[in-house]
1. Considering amide H positions built from the backbone, and no H for Pro or chain starts, which residues 5 or more places from VAL59, or on another chain, come under 5 Å of its amide H?
2. Work out the length of the dipole vector of the chain about its Cα centre, built from +1 on the beta-carbon of each Lys and Arg and -1 on the beta-carbon of each Asp and Glu, and round it to the nearest 20 debye.
3. Which far-off residues, 5 or more places away or on another chain, put their amide H under 5 Å from the one on VAL87, with H placed in the peptide plane?
4. Report the Cα centroid-to-centroid distance between region 9-39 and region 76-109 in angstrom, as an integer.
5. I need the phi-derived Karplus couplings for region 43-50: 6.51 cos²θ - 1.76 cosθ + 1.60, θ = phi - 60°, integer Hz, Gly and Pro marked x.
6. How far apart, in nm, are two points set 7 Å out from the Cα along the Cα-to-Cβ line at ALA45 and at ARG20?
7. Per DSSP H run of at least 4 residues, take -39500 (n - 2.57); add these up for the chain, divide by its residues and hand me the 222 nm value, nearest 500 deg cm²/dmol.
8. Can you classify region 66-164 as rounded, prolate or oblate using the Cα gyration tensor, where a ≥ b ≥ c are the square roots of its eigenvalues, rounded means a/c under 1.5, and otherwise it's prolate if a/b beats b/c and oblate if not?
Amino acid sequence: MSQELPLLIEGDLVRSTGSRFAIVATRFNELVVDQLLDGALSAFARHGVARADVLVVRVPGAFELSPACLRLCQSGKFDAVVALGCVIRGATAHFDYVAGEAARGVAHAGSVTGVPAIFGVLTTDTLEQAFDRAGAKAGNKGAEAAVTALEMASLSRKLKSHGL
Ligand code: INI
């Protein structure tokens with residue numbers, strides 16, 4: 001007999017026992033990205049995820065986020081993978097390539113593996129805007145990304161439990 005589906009399925013922010021997360025963070029624009037990383041780690045901690053259950057991987061720049069995310073997603077060892085970086089339009093003529101590849105690659109890692117891959121990459125016009133979004137004025141995109149990872153990990157488990 002087929003199991004009846006509920007009318008609504010959504011993730012919660014409760015960390016399930018044994019869940020593990022990975023964060024891939026760039027060294028490029030390190031001052032900003034370290035703020036995103038702090039935000040992500042403290043958001044995980046506030047939701048009951050022990051530091052021992054979060055692997056941090058550093059890569060050179062946003063262009064390198066995709067292959068690292070893909071490997072971590074493919075490993076089957078993590079409930080979600082968070083990509084953190086910062087691409088500033090004024091700082092590079094190839095902004096669109098670097099930012100575009102980061103977005104495309106992180107989305108691809110999540111789509112092909114089914115493991116939630118979360119895009120916590122700032123794409124801003126100025127360094128000031130980047131700092132604003134890394135905890136100075138307009139929230140912390142790293143913290144938001146960690147909370148999104150928790151929700152998507154939970155949603156993934158629930159969908160699986162319904163055979164979806
Ligand atoms: N990488 C970033 O993460 N942010 C940037 O703003 C940036 N800029 O300005 O060029 C950047 N470039 C490096 C790139 O991500 C690669 O590391 C490099 O091209 C080697 O593949």
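Values in this text are rule-based calculations from the coordinates and carry no lab data. Just so we're clear, the structure is a prediction, and the values are computed from it rather than from any experiment. Using ideal geometry, Cβ is built from the backbone for each residue, glycine included, and neighbour counts are taken over all protein chains shown.
1. Hits under the 5 Å cutoff: ALA25, THR26, ARG27.
2. The dipole of the chain has a size of about 420 debye.
3. So VAL87 has HN proximity to LEU122, THR123, THR124.
4. 14 Å
5. Going residue by residue, I get 5, 4, 4, 5, 9, x, 8, 5 Hz, with x marking Gly and Pro.
6. Going from the ALA45 label point to the ARG20 one covers 2.1 nm.
7. The helix-only estimate for the chain comes to -14500 deg cm²/dmol at 222 nm.
8. Because a/c hits 1.5 or more and a/b fails to exceed b/c, region 66-164 counts as oblate.
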